[in-house]
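K.L.:
What follows is a structure written as structure tokens; I'll ask about it next.
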2 protein chains.
Amino acid sequence: METNIEVRIATKNDLDCIVAMLADDVLGRKRERYEHPLPDSYLQAFEAITSDPNNELVVACLGNEVIGVQQITFTPYITHQGGWRATIEGVRTSASVRGQGIGTKLITWAIQRATQRGCHLIQLTTDKERPDALRFYERLGFQATHEGLKLRL
Amino acid sequence: METNIEVRIATKNDLDCIVAMLADDVLGRKRERYEHPLPDSYLQAFEAITSDPNNELVVACLGNEVIGVQQITFTPYITHQGGWRATIEGVRTSASVRGQGIGTKLITWAIQRATQRGCHLIQLTTDKERPDALRFYERLGFQATHEGLKLRL
């Protein structure tokens, strides 16, 4: 199956499937609102992401079906001699295709894209409630050298 | 002393002091190059940060002296119903003033700024080699709910 998977920048037509995937998740169902029409906040976020050259919303597709999503943010920092970093966030795959390499395909795409953009580092945080996700990222070469701290505002 | 500290957006004149602070650090000395003239990569990063409305380089000053620095990135995400987040990175205080509340002043400023910008969450990662930093952020209300993973490119 993997050979037929296309990874590409998301379009507005993908947004409904993306929100459905985010909501169909043990943590996501507590915090997303998958309704028709979609809450306007999702559309506003989509516009803000796609109009920013340092943000890319990326989907994995099988034919016309969106089966995975991630967002990549490219950030210039003064640290590391003024190096750019890529940050991956919001990685989800469709429940129907889990364990079939979609996540690997997405992250591999992100690593290649970050390299193309001249980033010296690619980073992400993963919820400690998702031990499988941690092992997945470690298999791809990521090292859990940092604590990821959050504060709700 | 704390009452005389000003926290503000950095200007190009601050860049030399910022790089000196980043280099004067147990982890920073391995990866920064504090030379005169400053390596051009620092200037390029400074321009990239200050020309991006979603990035702010922030300094703490005592009179004319720069004694602290941090960078805040504001990012729109599809997750959390299209919510914006603030990410803090590259927090350093001058060795001469450590333990005098400069870090607290910087992070408090970042939290206020993120609230002003409508962010629902403020986040950061801290190296597991800096246990004091972890306790510092936890005292300010941050929770280490996530693993922070990095991959060098």
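K.L.:
B:Ile67: more than 10 Å from chain A (Cβ to nearest Cβ) and surrounded by fewer than 18 Cβ atoms within 10 Å (Cβ to Cβ), yes or no?
P.N.:
no
The rows are residues; the columns are (1) more than 11 Å from every other protein chain (Cβ to nearest Cβ); (2) touching a Cys at 6+ places or on another chain (Cβ under 6 Å); (3) closer than 17 Å to A:Val26 by Cα.
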site	(1), (2), (3)
A:Thr75	no, no, no
A:His80	no, no, no
A:Thr93	yes, no, yes
A:Ile102	yes, no, no
A:Thr108	yes, no, no
A:Asp127	no, no, yes
A:Arg130	no, no, yes
A:Ala133	no, no, yes
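K.L.:
Can I ask one more? Filter the range A:48-62 down to the residues that are in a loop (DSSP other than H, G, I, E, B) and among the polar types (S, T, N, Q), then identify the one that is nearest to the other protein chains (Cβ to nearest Cβ).
P.N.:
The selected residue is A:Asn54.
K.L.:
Shifting gears a bit: What is the number of the single condition among (1) closer than 30 Å to B:Lys30 by Cβ; (2) open to solvent by less than 10 Å² (accessible area, probe 1.4 Å) that A:Trp84 does not meet?
P.N.:
So A:Trp84 meets the others, but not (2).
K.L.:
Can you report the number of residues in the range B:1-41 which are of a type outside the set (A, V, I, L, M) and closer than 13 Å to B:Gln71 by Cβ?
P.N.:
1
K.L.:
Oh, and also: How many residues are surrounded by fewer than 19 Cβ atoms within 10 Å (Cβ to Cβ) and either in contact with a strand residue (DSSP E or B) (Cβ under 8 Å, 6 or more places away or on another chain) or closer than 22 Å to A:Arg117 by Cα (or both) when one looks only at the range B:48-64?
P.N.:
Total satisfying the criteria: 7.
K.L.:
Continuing with the same structure: Can you tell me which condition B:Arg117 does not meet? The list is (1) farther than 30 Å from A:Arg29 by Cβ; (2) more than 9 Å from chain A (Cβ to nearest Cβ), and all the others hold.
P.N.:
(1)
K.L.:
On the basis of being in a loop (DSSP other than H, G, I, E, B) and more than 9 Å from every other protein chain (Cβ to nearest Cβ), does B:Asp14 make the cut?
P.N.:
The answer is no for B:Asp14.
K.L.:
Something else now. Could you please give the count of residues in the range A:26-47 that are assigned to a loop (DSSP other than H, G, I, E, B), within 11 Å of another protein chain (Cβ to nearest Cβ) and open to solvent by 40 Å² or more (accessible area, probe 1.4 Å)?
P.N.:
4
K.L.:
Taking the condition free of Cβ contacts under 8 Å to residues at least 60 places away in the same chain, under 30 Å from B:Pro53 (Cα atoms), open to solvent by 30 Å² or more (accessible area, probe 1.4 Å) and in a strand (DSSP E or B), does A:Arg8 pass?
P.N.:
Criteria met by A:Arg8.
K.L.:
Another question, then. Can you confirm whether B:Arg85 is under 15 Å from B:Asn55 (Cα atoms) and touching a Ser or Thr at 6+ places or on another chain (Cβ under 9 Å)?
P.N.:
The answer is yes for B:Arg85.
K.L.:
Scan the range A:11-20 residue by residue and report those that are surrounded by 12 or more Cβ atoms within 10 Å (Cβ to Cβ) and in contact with a helix residue (DSSP H, G or I) (Cβ under 8 Å, 6 or more places away or on another chain).
P.N.:
Those that are surrounded by 12 or more Cβ atoms within 10 Å (Cβ to Cβ) and in contact with a helix residue (DSSP H, G or I) (Cβ under 8 Å, 6 or more places away or on another chain): A:Leu15, A:Val19.
The values are calculated or read from the model by the stated rules, or taken from the named source; none is laboratory data. The model shown is predicted, which means the values in this text are computed figures rather than measured ones. In this analysis, Cβ positions are derived from the backbone assuming ideal geometry, glycine residues included, and neighbour counts consider all displayed protein chains. The area values use the complete protein model at the heavy-atom level, side chains included, leaving out ligands, DNA and RNA. Shrake-Rupley method; radii C 1.70, N 1.55, O 1.52, S 1.80 Å.
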